[in-house]
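**Q** Following this message is one structure expressed as structure tokens.
The values are calculated or read from the model by the stated rules, or taken from the named source; none is laboratory data. These numbers come from a predicted model, not from an experiment. Because the Cβ atoms are built from the backbone with ideal geometry, glycine has one as well, and the counts that use them run over all protein chains shown. The protein model used for the area step is the full one, side chains on, heavy atoms only, and it has no ligands, DNA or RNA in it. Shrake-Rupley method; radii C 1.70, N 1.55, O 1.52, S 1.80 Å.
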Amino acid sequence: MPANKSLLVLPGDGIGPEVMREAKRVIDWMGKKRAVRFELEEDLCGGCAIDAHGMPITDDTVKKAQQVDAVLLGAVGGPKWDNLPFDQKPERGLLRLRKEMDLFANLRPAVCFPALADASSLKRELVEGLDIMIVRELTGGVYFGTPRGIETLPDGQRRGINTQVYTTNEIRRVASVAFELARKRRNKVTSCEKANVMESGVLWREEVQKLHDEQYKDVELQHMYADNAAMQLVRNPKQFDVIVTDNLFGDILSDEAAMLTGSLGMLPSASLGAPDATGKRKALYEPVHGSAPDIAGQNAANPIATILSFAMALRYTFDMPDEADLVEKAAKEVLDKGLRTGDIMQKGAAKVSTTVMGDSLLMALSKLAG
Ligand code: NAD
């Protein structure tokens with residue numbers, strides 16, 4: 001049996017524990033059926049950690065997250081903790097993890113399952129079969145640059161300041177994630193900035209091009225202004241394979257791309273750090289959605305985004321692409337059968353609970369595995 005693979009599971013709050021329960025059944029299935037053993041440890045992050053320890057994540061949990069191969073998180077937050085000061089809120093636990101693990105590359109796939117193509121705001125032919133990957137720089141740019149703040153000018157007007165700033169290394173390390181991904185996909189990277197009006201955009205374009213010419217000549221590279229990319233995403237999204245962009249443009253473009261696919265309950269994500277000496281990157285996998293307090297505790301949440309986040313862990317951390325394909329195919333199969341949780345419900349489909357969605361996905365997995 002191959003070496004153990006370690007996962008820290010942080011179910012979190014609201015629907016987090018419900019969707020994670022189903023993901024853990026898939027992890028368990030992999031352990032039993034695919035001759036690979038996952039060493040699972042479970043811990044608290046978010047509101048549940050505030051209740052237990054008075055803080056959204058403990059040093060001990062952060063240390064564990066640094067030591068395992070990957071972290072799988074459900075969702076954090078909820079009305080119970082809404083009135084806490086900003087720096088004590090559940091979300092701080094997640095932000096601290098991202099910061100201390102230095103997770104600078106955020107991967108958001110936008111995949112449109114044919115069975116859900118009618119849930120998109122675009123025409124079926126534009127989105128059916130869509131499979132793009134947005135790589136967003138996550139730890140730099142205008143959200144972190146200084147100087148920043150709001151100041152009062154001598155004439156009494158107020159001025160708000162944020163600074164867009166990127167260094168060579170910050171650009172190169174995220175661009176290299178995009179090139180590596182493209183090599184495993186359809187071999188094309190579109191790099192987006194505003195080099196027409198921003199010096200940081202000029203630097204971004206030059207550094208991405210330089211890295212391409214030095215190390216990734218085999219990958220097709222296209223540069224596109226971010227505003228044009230926003231238009232192209234709704235005009236002809238299938239022209240893209242991997243999009244790489246900065247923190248601000250990535251925030252916007254990844255949400256836009258996500259909505260092309262229908263529902264929040266279907267969207268996984270990964271955040272990756274720098275490779276260590278063995279080439280392994282620190283990694284956090286989580287669904288894009290939040291803790292959905294409006295449906296928490298009702299066994300109504302869609303577990304597919306969390307299960308697909310585990311599939312991303314199989315692909316990007318554990319180097320098990322066949323198993324990742326298997327999980328994605330199983331998700332496609334349950335949707336093709338017409339099974340739907342409330343968030344993706346369509347006329348003529350069968351509405352199922354979180355647990356039944358999990359049961360059906362496991363059955364599909366076993367069937368596909370033969
Ligand atoms: P949300 O994503 O939790 O919910 C938005 C809507 O989508 C709700 O109607 C919800 O029922 C639905 N939804 C979301 N995920 C679903 C799923 N898997 N299945 C079925 N329906 C689903 O966003 P929100 O309502 O803005 O935030 C709720 C809480 O979650 C807040 O405390 C917020 O801070 C937190 N939040 C956490 C994260 C995270 O943990 N990464 C991300 C976003 C929001």
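**Q** Mind checking the stretch 167-249 for trypsin sites (Lys or Arg not before Pro) that DSSP puts in a loop (not H, G, I, E or B) and that have at most 10 other Cβ atoms within 10 Å?
**A** Details: sites: 172, 173, 183, 184, 185, 186, 188, 194, 205, 210, 217, 235, 238; in loops: 184, 185, 186, 194, 217.
Hits after loop and neighbour filter: 217.
**Q** Same structure, new question: Tell me, what ³J(HN,Hα) does each residue in the stretch 16-30 have, in order and in whole Hz, if you take phi through Karplus 6.51 cos²θ - 1.76 cosθ + 1.60 with θ = phi - 60° and put x for Gly and Pro?
**A** x, x, 5, 6, 5, 4, 6, 4, 5, 5, 5, 4, 4, 4, 4
**Q** Rank these by accessible area, largest first, 1.4 Å probe: 43, 255. List each step's numbers first, then the result.
**A** On the way: 43 25, 255 80 Å².
Correct descending sequence by accessible area is 255, 43.
**Q** For the stretch 225-254, run through the chymotrypsin sites (Phe, Trp or Tyr not before Pro) and keep only the ones in DSSP coil with at most 10 other Cβ atoms within 10 Å of their Cβ.
**A** Working: sites: 225, 240, 249; in loops: 240.
In loop regions of the stretch 225-254 (DSSP not H, G, I, E or B), there are no sparsely surrounded chymotrypsin sites (Phe, Trp or Tyr not before Pro).
**Q** Two decimals, Cα atoms only, Kirkwood Rh: what is Rg/Rh over the stretch 44-99?
**A** Numbers: Rg = 10.8 Å, Rh = 11.3 Å.
My calculation puts Rg/Rh at 0.96.
**Q** Turning to a different aspect of this structure: Report residue 231's accessible area, 1.4 Å probe, all protein chains in place, as a number in Å² to the nearest 10.
**A** 120 Å²
**Q** Here's another thing I want to ask about it. Which net charge results for the neighbourhood of residue 223, defined as the other residues with beta-carbon distances under 14 angstrom from its beta-carbon, given Lys and Arg at +1 and Asp and Glu at -1? It would help to have the intermediate numbers written out before the result.
**A** Values: positive: 188, 194, 205, 210; negative: 193, 206, 207, 213, 220, 227, 246.
Surrounding charge for residue 223 is -3.
**Q** Only loop residues by DSSP count here, and only those with at most 15 other Cβ atoms within 10 Å; note down the trypsin sites (Lys or Arg not before Pro) in the stretch 132-165 that meet that. Please report the intermediate quantities before stating the final value.
**A** Values: sites: 136, 148, 158, 159; in loops: 148.
Here the sparse-neighbourhood loop sites are 148.
**Q** Counting only residues 5 or more places away or on other chains, whose amide H sits under 5 Å from the amide H of residue 341 once H atoms are built in the peptide plane?
**A** Sorted by chain and number, the residues that satisfy this are 352.
**Q** Given the Cα-Cα distance of residue 369 and residue 349 and 0.36 nm per residue of separation, how much length would full extension add, in nm? Please report the intermediate quantities before stating the final value.
**A** On the way: separation 20, 0.36 × 20 = 7.20 nm, distance 2.57 nm.
Separation in residues times 0.36 nm, less the Cα-Cα distance, equals 4.6 nm.
**Q** For the chain, what is the calculated [θ] at 222 nm in deg cm²/dmol (nearest 500), taking -39500 (n - 2.57) for each run of four or more DSSP H residues and dividing by its residue count? Don't skip to the answer; put the middle values down first.
**A** Working: 12 runs with 149 residues, N = 370.
When only DSSP H runs of four or more count, the value is -12500 deg cm²/dmol.
**Q** Which whole-Hz ³J(HN,Hα) couplings does the stretch 200-216 yield from phi under the Karplus relation 6.51 cos²θ - 1.76 cosθ + 1.60, θ = phi - 60°, glycine and proline marked x?
**A** 4, x, 4, 4, 4, 4, 5, 5, 5, 4, 4, 4, 4, 5, 6, 10, 10
**Q** Further question on the same structure: Suppose we keep just the DSSP beta bridges with both residues in the chain; what percent of those would be antiparallel, to 5? Could you put the intermediate results ahead of the total?
**A** On the way: 20 of 48 bridges.
The antiparallel fraction comes to roughly 40 percent.
**Q** Ok, one more. Any chance you could list P(r) for the stretch 213-343, counting all Cα-Cα pairs in 10 angstrom bins from zero, rounded to whole %?
**A** Per 10 Å bin, starting at zero, the Cα-Cα P(r) for the stretch 213-343 comes out as 10, 31, 39, 18, 3, 0 percent.
**Q** Nearest 0.05, what FRET efficiency do residue 123 and residue 276 give at R0 = 45 Å with Cβ-Cβ as r? Could the numbers behind the result be given before it?
**A** On the way: r = 45 Å, r/R0 = 1.00.
That gives a FRET efficiency of 0.50.
**Q** If R₀ is 51 angstrom, what is the calculated FRET efficiency for the pair residue 294 and residue 165, using the beta carbon separation as r and rounding to 0.05? Before the final figure, lay out each step's value.
**A** Working: r = 39 Å, r/R0 = 0.76.
In this case the efficiency is close to 0.85.
**Q** I'd like the distance separating the alpha-carbon centroids of the stretch 10-78 and the stretch 178-241, in whole Å.
**A** 34 Å
**Q** Using C-alpha positions alone, give me the convex hull volume of the chain per residue in cubic angstrom.
**A** Working: hull volume 60.2 nm³, N = 370.
It comes to 163 Å³ per residue, whole-number rounded.
**Q** Right, something else. Quick one: what does P(r) look like for the stretch 112-266 with 5 Å bins over all Cα pairs, in whole %?
**A** 2, 9, 17, 19, 17, 13, 9, 7, 3, 2, 1, 0
**Q** Let me ask something additional. Restricting the count to DSSP beta bridges whose residues both fall in the stretch 112-266, what percent are antiparallel, rounded to a multiple of 5? Mind showing how you got there, number by number?
**A** Numbers: 4 of 18 bridges.
Taking every DSSP beta bridge with both residues in the stretch 112-266, the antiparallel ones total about 20 percent.
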